[in-house]
Structure formats: structure tokens, C-alpha cells
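Novice: If you scroll down you'll find the structure; I have some questions about it.
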Amino acid sequence: MTDQHGELDAALEQVIDAARAHLAAVRAAQGRIDDDAVWQAYVALNNASFGYDERLLDAFGEVTPWDVESIDPDEADERFGAVEGGEPTDPHPRVISVRQRRDYRVPSIAALLRVAEVARREGIPEDDEPAPVEGVGEAVLELLQSGDGSLSALDVPELEPLDGVVMVSEVGTPVDLESFDDDDPVGPFQPAVDDRLVGRLDEHPFLDLDEEHDHAH
């Protein structure tokens, strides 16, 4: 029984030491996501807690509030992409490329220019006079820049969405924008030879019920 008590005391000390090490790792990480040192300290704390719980159960038939299972450090490293030395590795070193196109009809160029000028004015100080928006293309760019950069910024009555397409591909390397001229309309979107198309999603705008009824006739 004495040896059992000694093992229990030693197991408790391991929990305390592991908890302190985990806290130190968390503080050192300063909020970094997927920090390897934090993960290693977490595994050590988990397993120390599991070991103490098991010894407490054997000695007195009691358990702790810690509902944990033992973690195999080697299996955990493989699962979460860690390797010896603490450097993470990605078992799937691919880059996902999402290419999207959506066309729009412009019912009224004047109306589109007006809404773009309002968006431009909201983005500058009140004392400054914004330059006029010249052309449909500049108007669309202004709406994108004043929004979050996504196509949702173009969900305005002044633009009528037409068909669109989204393509998801696995690519070997990410796009290098510096290798293309600013006026190159093809290069950044041109798939490479080793790119693999995962899937294509065709987008069709929804018609109003009244429009569907008119088309039916």
C-alpha cells in the first residue's frame, strides 16, 4: 500500500508540473493558433491527468472530475501534422484555387454611375471632392472596393446578375501576382498544366415568380 501511495503522490506531482508547463507554453504562444509547444504541453497534461486518475481509482476507488483518455503522442503528432523538432508539416501540401466569374446586365448606366459615386463619396473626408466615376467598369470596381471585395458587393438593384461559374482546383503553387502585368486579363486565371479541377459549380440567377409566369407564356 505504501508503494501505491507513493506512486499516487508522484502522479499528482506530474499533473502539477504538467499544468505549469502547459500554462507557460500558452503564455509564450501569446494566442498563436496551432502552436506546437502548446499542443505538446497539452498532451503531457492530458496523459498526466489520466495517469493520476487511474492510480486514484486503483488505490481508493475514487475518480477525478477530469474526463480524459490517454493520448498516444506519436499518433497525435501524425494526426495533427507535427514532426520531430516541433516543425509542422502538411500531409496534403496542395493549394486550393477558386476561380469565379459572374456576368451582369446594366439596365441603366446612369443609375449605376450614381450609386458608385455615392459609394466613393462615403469613403473620403467630407471636405474633399471625389473625382467623378467614369464608365461602367470603374463603377463596378468602386462598388467592390467600397464593400468587402467579394461579389456580394455587387448585389445592388443597378446590376442584374446573369449566369456565373465557380471552379475549384488543386494547384501546385499559389498565384504569383508580381509575374503578371496589371492589364493582363488572362494570366492570373490561366490554369497550369499540373492543376487538377476538383469541380465546377454553375450559377443561375433566380427569376421572380412574375417573370417566370411571363416566360411561361
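The values are calculated or read from the model by the stated rules, or taken from the named source; none is laboratory data. Computed from a predicted structure; not experimentally measured. All Cβ positions, even for glycine, are placed from backbone atoms using ideal geometry, and neighbour counts span all protein chains on display. Quick note on the areas: whole protein, heavy atoms, side chains included, nothing else; ligands and nucleic acids left out. Shrake-Rupley method; radii C 1.70, N 1.55, O 1.52, S 1.80 Å.
Novice: In Å², and per residue, what accessible area does region 139-209 have when probed at 1.4 Å with the other protein chains present? Let's see the in-between values first.
Specialist: Values: 5190 Å² over 71 residues.
Here the residues of region 139-209 average 73 Å² of exposed surface.
Novice: Out of region 159-208, which GluC sites (Glu not before Pro) are coil in DSSP terms and have no more than 12 other C-beta atoms within 10 Å?
Specialist: Passing both the DSSP loop test and the Cβ count: no residue.
Novice: Still on this structure: Could you tell me how many cubic angstrom of Cα convex hull volume region 1-74 has per residue?
Specialist: Once divided by residue count, the hull of region 1-74 is 88 Å³.
Novice: Where in region 35-55 does the label zone of Ser70 land, with the point 7 angstrom along Cα→C-beta and an amide N cut-off under 18 Å?
Specialist: Those under the cut-off are 42-55.
Novice: Residues in region 1-23, backbone N under 20 Å from the label point at Glu54 (7 Å along the Cα-to-beta-carbon vector): list them, ranges by number please.
Specialist: Within reach of a label on Glu54, which here means backbone N under 20 Å from a point 7 Å along Cα→Cβ, region 1-23 contributes 1-19.
Novice: Additional query: Would any residue of region 144-166 have its amide N under 14 Å from a label point 7 Å out along Cα→Cβ of Ile109? List them or say none.
Specialist: None, by backbone N distance to the label point.
Novice: Ordered by residue, what ³J(HN,Hα) values in Hz, to whole numbers, does region 143-150 give under the Karplus form 6.51 cos²θ - 1.76 cosθ + 1.60, where θ = phi - 60° and Gly and Pro are x?
Specialist: After applying 6.51 cos²θ - 1.76 cosθ + 1.60, I find 5, 5, 5, 7, x, 9, x, 8 Hz.
Novice: Still on this structure: For region 24-71, which trypsin sites (Lys or Arg not before Pro) pass both filters: DSSP loop (anything but H, G, I, E, B) and at most 16 other C-beta atoms within 10 Å?
Specialist: Arg32
Novice: Can you give the local net charge around Pro107? Use residues other than it whose beta-carbon is closer than 10 angstrom to its beta-carbon, Lys and Arg +1, Asp and Glu -1.
Specialist: -1
Novice: Let me ask something additional. Considering only the other residues whose Cβ falls under 13 Å of the Cβ of Leu201, what net charge follows from Lys and Arg at +1 and Asp and Glu at -1?
Specialist: Computed value for this residue: +1.
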